[in-house]
Amino acid sequence: MTKQYLLPRITLWTTRVVALIVVILMFCLPALLDWYCSTRNLTVLTQYTILIDFYCCCLVLFPAFWLMDKLLRNILSGQVFTRKNVRIISSLRWCCGGISLICLPAACIYYPLIFMVVIMAFLCLMVSVLVQVMDSAVTIREENDLTI
Amino acid sequence: MAIIVNLDVMLAKRKMTSLELAQRIDLTPANLSILKTGKAKAIRMSTLEAICRELHCQPGDLLEFIPDEQASQHR
(Lines give C-alpha, C1' and ligand atoms only; values in the text may rest on other atoms or scores of the structure.)
Protein backbone atom coordinates (compact mmCIF):
# COMPACT_ATOMS: atom_id res chain seq x y z
CA MET A 1 0.00 0.00 0.00
CA THR A 2 1.51 3.35 -1.02
CA LYS A 3 2.02 5.97 1.66
CA GLN A 4 -0.21 8.33 -0.30
CA TYR A 5 -3.29 6.18 0.28
CA LEU A 6 -2.52 5.13 3.86
CA LEU A 7 -4.21 8.10 5.54
CA PRO A 8 -7.43 7.95 3.47
CA ARG A 9 -7.64 4.22 4.18
CA ILE A 10 -7.20 4.79 7.94
CA THR A 11 -9.81 7.55 7.81
CA LEU A 12 -12.20 5.29 5.90
CA TRP A 13 -11.99 2.54 8.50
CA THR A 14 -12.20 5.04 11.37
CA THR A 15 -15.40 6.44 9.81
CA ARG A 16 -16.87 2.94 9.62
CA VAL A 17 -15.91 2.18 13.23
CA VAL A 18 -17.46 5.44 14.46
CA ALA A 19 -20.64 4.67 12.48
CA LEU A 20 -20.78 1.27 14.18
CA ILE A 21 -20.32 2.92 17.59
CA VAL A 22 -23.24 5.26 16.82
CA VAL A 23 -25.39 2.25 15.87
CA ILE A 24 -24.53 0.55 19.19
CA LEU A 25 -25.22 3.80 21.02
CA MET A 26 -28.67 3.97 19.43
CA PHE A 27 -29.59 0.79 21.28
CA CYS A 28 -27.69 1.50 24.50
CA LEU A 29 -28.58 5.17 24.90
CA PRO A 30 -31.85 4.79 26.88
CA ALA A 31 -30.09 2.72 29.54
CA LEU A 32 -27.04 4.99 29.56
CA LEU A 33 -29.23 8.06 29.91
CA ASP A 34 -31.15 6.49 32.79
CA TRP A 35 -27.88 6.04 34.65
CA TYR A 36 -26.54 9.48 33.68
CA CYS A 37 -29.70 11.35 34.63
CA SER A 38 -29.96 9.52 37.95
CA THR A 39 -26.37 10.47 38.89
CA ARG A 40 -26.87 14.12 37.86
CA ASN A 41 -30.44 14.47 39.16
CA LEU A 42 -31.68 15.56 35.77
CA THR A 43 -35.38 15.72 35.02
CA VAL A 44 -37.32 13.31 32.84
CA LEU A 45 -37.83 16.18 30.39
CA THR A 46 -34.05 16.57 30.00
CA GLN A 47 -33.65 12.83 29.55
CA TYR A 48 -36.23 12.65 26.79
CA THR A 49 -34.86 15.84 25.18
CA ILE A 50 -31.38 14.31 24.89
CA LEU A 51 -32.84 11.01 23.65
CA ILE A 52 -35.04 12.56 20.96
CA ASP A 53 -32.29 14.98 19.98
CA PHE A 54 -29.82 12.12 19.51
CA TYR A 55 -32.21 10.07 17.38
CA CYS A 56 -33.01 13.14 15.26
CA CYS A 57 -29.28 13.76 14.81
CA CYS A 58 -28.90 10.12 13.68
CA LEU A 59 -31.21 10.89 10.74
CA VAL A 60 -28.51 13.30 9.54
CA LEU A 61 -25.50 11.41 10.89
CA PHE A 62 -25.98 8.21 8.89
CA PRO A 63 -26.23 10.01 5.52
CA ALA A 64 -23.12 11.97 6.59
CA PHE A 65 -21.26 8.72 7.33
CA TRP A 66 -22.33 7.30 3.97
CA LEU A 67 -21.15 10.47 2.19
CA MET A 68 -17.79 10.39 3.97
CA ASP A 69 -17.40 6.72 3.04
CA LYS A 70 -18.21 7.51 -0.61
CA LEU A 71 -15.77 10.46 -0.67
CA LEU A 72 -12.93 8.41 0.81
CA ARG A 73 -13.57 5.54 -1.62
CA ASN A 74 -13.40 8.05 -4.50
CA ILE A 75 -10.08 9.36 -3.16
CA LEU A 76 -8.73 5.82 -2.86
CA SER A 77 -9.73 5.07 -6.46
CA GLY A 78 -7.73 8.11 -7.61
CA GLN A 79 -10.70 10.40 -8.28
CA VAL A 80 -9.85 13.34 -6.03
CA PHE A 81 -10.59 16.62 -7.78
CA THR A 82 -13.96 15.90 -9.38
CA ARG A 83 -17.31 17.74 -9.41
CA LYS A 84 -18.84 14.66 -7.76
CA ASN A 85 -16.57 15.11 -4.73
CA VAL A 86 -17.37 18.82 -4.53
CA ARG A 87 -21.09 17.91 -4.34
CA ILE A 88 -20.36 15.32 -1.62
CA ILE A 89 -18.42 17.84 0.49
CA SER A 90 -21.19 20.38 -0.06
CA SER A 91 -23.73 17.84 1.24
CA LEU A 92 -21.51 17.17 4.26
CA ARG A 93 -21.57 20.90 4.97
CA TRP A 94 -25.37 20.83 5.11
CA CYS A 95 -25.24 17.76 7.39
CA CYS A 96 -23.12 19.73 9.87
CA GLY A 97 -25.53 22.65 9.65
CA GLY A 98 -28.47 20.29 10.08
CA ILE A 99 -27.06 18.76 13.26
CA SER A 100 -26.42 22.26 14.63
CA LEU A 101 -30.04 23.24 13.98
CA ILE A 102 -31.39 20.00 15.46
CA CYS A 103 -29.40 20.53 18.67
CA LEU A 104 -30.48 24.18 19.02
CA PRO A 105 -33.96 23.65 20.51
CA ALA A 106 -32.61 20.88 22.76
CA ALA A 107 -29.89 23.24 23.97
CA CYS A 108 -32.61 25.49 25.42
CA ILE A 109 -33.53 22.65 27.79
CA TYR A 110 -30.15 20.98 28.33
CA TYR A 111 -27.60 23.79 28.25
CA PRO A 112 -24.37 21.78 27.59
CA LEU A 113 -25.77 21.00 24.13
CA ILE A 114 -25.01 24.61 23.17
CA PHE A 115 -21.39 23.50 22.70
CA MET A 116 -22.58 20.99 20.12
CA VAL A 117 -24.55 23.74 18.36
CA VAL A 118 -21.55 26.06 18.21
CA ILE A 119 -19.06 23.35 17.20
CA MET A 120 -21.27 22.01 14.39
CA ALA A 121 -22.03 25.54 13.16
CA PHE A 122 -18.30 26.29 13.04
CA LEU A 123 -17.67 22.98 11.28
CA CYS A 124 -20.37 23.89 8.73
CA LEU A 125 -18.56 27.17 8.09
CA MET A 126 -15.18 25.48 7.79
CA VAL A 127 -16.49 22.88 5.34
CA SER A 128 -18.08 25.74 3.31
CA VAL A 129 -14.61 27.19 2.87
CA LEU A 130 -13.33 23.76 1.89
CA VAL A 131 -16.09 23.50 -0.74
CA GLN A 132 -14.88 26.78 -2.30
CA VAL A 133 -11.27 25.59 -2.29
CA MET A 134 -12.22 22.23 -3.88
CA ASP A 135 -14.37 23.95 -6.49
CA SER A 136 -11.44 26.17 -7.51
CA ALA A 137 -9.11 23.15 -7.56
CA VAL A 138 -11.51 21.24 -9.83
CA THR A 139 -11.74 24.23 -12.20
CA ILE A 140 -7.93 24.41 -12.39
CA ARG A 141 -7.71 20.64 -12.94
CA GLU A 142 -10.33 20.74 -15.72
CA GLU A 143 -8.45 23.57 -17.40
CA ASN A 144 -5.20 21.63 -17.03
CA ASP A 145 -6.81 18.56 -18.58
CA LEU A 146 -7.65 20.66 -21.63
CA THR A 147 -4.10 22.04 -21.89
CA ILE A 148 -2.36 20.19 -24.70
CA MET B 1 -13.62 30.59 -28.88
CA ALA B 2 -11.92 33.27 -31.05
CA ILE B 3 -8.81 31.18 -31.83
CA ILE B 4 -9.40 28.60 -34.57
CA VAL B 5 -7.00 25.66 -34.88
CA ASN B 6 -6.44 24.74 -38.52
CA LEU B 7 -4.63 21.50 -37.71
CA ASP B 8 -6.77 19.33 -40.01
CA VAL B 9 -6.01 21.71 -42.92
CA MET B 10 -2.25 21.41 -42.32
CA LEU B 11 -2.50 17.63 -41.91
CA ALA B 12 -4.28 17.40 -45.27
CA LYS B 13 -1.63 19.63 -46.92
CA ARG B 14 1.19 17.47 -45.58
CA LYS B 15 -0.74 14.27 -46.31
CA MET B 16 -0.37 13.07 -42.75
CA THR B 17 -2.93 11.45 -40.49
CA SER B 18 -3.60 12.77 -36.98
CA LEU B 19 -2.57 9.38 -35.55
CA GLU B 20 0.80 9.63 -37.29
CA LEU B 21 1.32 13.17 -36.03
CA ALA B 22 0.33 12.15 -32.49
CA GLN B 23 2.92 9.38 -32.53
CA ARG B 24 5.64 11.68 -33.88
CA ILE B 25 5.13 14.38 -31.26
CA ASP B 26 4.48 11.95 -28.39
CA LEU B 27 0.92 13.05 -27.80
CA THR B 28 -2.10 10.81 -27.32
CA PRO B 29 -4.61 10.76 -30.21
CA ALA B 30 -7.28 11.84 -27.74
CA ASN B 31 -5.37 14.99 -26.80
CA LEU B 32 -4.65 15.79 -30.42
CA SER B 33 -8.34 15.38 -31.15
CA ILE B 34 -9.14 17.90 -28.38
CA LEU B 35 -6.81 20.33 -30.15
CA LYS B 36 -8.29 19.64 -33.59
CA THR B 37 -11.87 20.10 -32.45
CA GLY B 38 -11.13 23.42 -30.75
CA LYS B 39 -11.93 22.19 -27.24
CA ALA B 40 -8.44 22.87 -25.90
CA LYS B 41 -8.18 25.65 -23.33
CA ALA B 42 -4.43 26.14 -23.75
CA ILE B 43 -1.49 24.78 -25.66
CA ARG B 44 2.06 24.45 -24.38
CA MET B 45 4.82 26.13 -26.38
CA SER B 46 6.64 22.78 -26.50
CA THR B 47 3.59 21.11 -28.10
CA LEU B 48 3.20 23.94 -30.63
CA GLU B 49 6.92 23.71 -31.44
CA ALA B 50 6.69 19.95 -31.98
CA ILE B 51 3.64 20.28 -34.27
CA CYS B 52 5.31 23.03 -36.34
CA ARG B 53 8.47 20.96 -36.61
CA GLU B 54 6.65 17.85 -37.85
CA LEU B 55 4.30 19.71 -40.21
CA HIS B 56 7.01 22.12 -41.43
CA CYS B 57 4.84 25.15 -40.82
CA GLN B 58 4.56 28.32 -38.76
CA PRO B 59 2.33 28.80 -35.70
CA GLY B 60 0.30 31.27 -37.78
CA ASP B 61 -0.53 28.46 -40.22
CA LEU B 62 -2.09 26.52 -37.37
CA LEU B 63 -3.72 29.25 -35.27
CA GLU B 64 -6.13 31.82 -36.62
CA PHE B 65 -7.84 34.60 -34.73
CA ILE B 66 -11.44 35.30 -35.64
CA PRO B 67 -13.41 37.90 -33.64
CA ASP B 68 -16.37 36.38 -31.78
CA GLU B 69 -19.16 37.61 -34.11
CA GLN B 70 -17.38 36.19 -37.16
CA ALA B 71 -16.50 32.99 -35.26
CA SER B 72 -20.20 32.18 -34.73
CA GLN B 73 -20.81 32.69 -38.47
CA HIS B 74 -17.71 30.56 -39.28
CA ARG B 75 -19.25 27.66 -37.40
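So is A:SER100 more than 14 Å from chain B (Cβ to nearest Cβ), closer than 30 Å to A:ASP34 by Cβ and among the hydroxyl-bearing types (Ser, Thr, Tyr) or not? Spelling it out, A:SER100 is indeed more than 14 Å from chain B (Cβ to nearest Cβ), closer than 30 Å to A:ASP34 by Cβ and among the hydroxyl-bearing types (Ser, Thr, Tyr).
Hey, could you check the stretch A:131-148 for residues that are hydrophobic (A, V, I, L, M, F, W, C) and open to solvent by 80 Å² or more (accessible area, probe 1.4 Å) and say which is farthest from the other protein chains (Cβ to nearest Cβ)? First the steps, then the outcome.
First, pick out the residues of the stretch A:131-148 that are hydrophobic (A, V, I, L, M, F, W, C): A:131, A:133-134, A:137-138, A:140, A:146, A:148.
Filter once more, so that each one left must be open to solvent by 80 Å² or more (accessible area, probe 1.4 Å): A:133, A:140.
Values: A:VAL133: 21, A:ILE140: 11 Å.
Among those that are hydrophobic (A, V, I, L, M, F, W, C) and open to solvent by 80 Å² or more (accessible area, probe 1.4 Å), it is A:VAL133.
Taken together, the residues in the stretch B:9-39 that are assigned to a helix (DSSP H, G or I), more than 12 Å from B:ILE51 (Cα to Cα) and either in contact with a Phe, Trp or Tyr (Cβ under 7 Å, 6 or more places away or on another chain) or open to solvent by 80 Å² or more (accessible area, probe 1.4 Å) (or both) amount to 2.
Residues that are farther than 18 Å from A:VAL86 by Cα and either of a type in the set (Val, Ile, Thr) or surrounded by 12 or more Cβ atoms within 10 Å (Cβ to Cβ) (or both) within the stretch A:111-130 comprise A:LEU113, A:ILE114, A:MET116, A:VAL117, A:VAL118, A:ILE119, A:MET120, A:ALA121, A:PHE122, listed in sequence order.
Given the criterion surrounded by fewer than 18 Cβ atoms within 10 Å (Cβ to Cβ) and either in contact with a Lys or Arg (Cβ under 6 Å, 6 or more places away or on another chain) or more than 30 Å from A:ALA137 (Cα to Cα) (or both), identify the matching residue among A:TRP35, A:TRP13, A:TRP66. Spell out the reasoning first.
On the way: A:TRP13 fails: either in contact with a Lys or Arg (Cβ under 6 Å, 6 or more places away or on another chain) or more than 30 Å from A:ALA137 (Cα to Cα) (or both); A:TRP66 fails: either in contact with a Lys or Arg (Cβ under 6 Å, 6 or more places away or on another chain) or more than 30 Å from A:ALA137 (Cα to Cα) (or both).
Being surrounded by fewer than 18 Cβ atoms within 10 Å (Cβ to Cβ) and either in contact with a Lys or Arg (Cβ under 6 Å, 6 or more places away or on another chain) or more than 30 Å from A:ALA137 (Cα to Cα) (or both) holds for just one of A:TRP35, A:TRP13, A:TRP66, which is A:TRP35.
Residue pairs whose Cβ atoms lie under 6 Å apart, sitting 6 or more positions apart in sequence or on different chains, and linking a residue in the stretch B:36-54 that is at the interface with another protein chain (Cβ under 7 Å from one of its Cβ atoms) to a partner that is part of a helix (DSSP H, G or I), are B:ALA40/B:ILE34; B:LYS41/A:GLU143.
Considering the conditions (1) more than 12 Å from A:THR147 (Cα to Cα); (2) touching a residue at least 24 places away in the same chain (Cβ under 8 Å); (3) within 10 Å of chain A (Cβ to nearest Cβ), B:ARG24 is excluded by exactly one of them, (3).
On the stretch given as the stretch A:43-86, residues that are free of Cβ contacts under 8 Å to residues at least 24 places away in the same chain, at negative phi and more than 15 Å from the chain's Cα centre (by Cα) total 10. Cβ-Cβ contacts under 8 Å between residues 6 or more apart (or on different chains), taken from a first residue in the stretch A:129-148 that is in contact (Cβ under 8 Å) with a residue 12 or more places away in the chain to a second residue that is in a helix (DSSP H, G or I) and loosely packed, with under 14 Cβ neighbours inside 10 Å, are listed as A:VAL138/A:ARG83.
The values are calculated or read from the model by the stated rules, or taken from the named source; none is laboratory data. Keep in mind the model is a prediction, meaning the values are calculated, not measured. No Cβ is skipped: glycine too gets one built from the backbone with ideal geometry, and neighbour counts run over all protein chains shown. The protein model used for the area step is the full one, side chains on, heavy atoms only, and it has no ligands, DNA or RNA in it. Shrake-Rupley method; radii C 1.70, N 1.55, O 1.52, S 1.80 Å.
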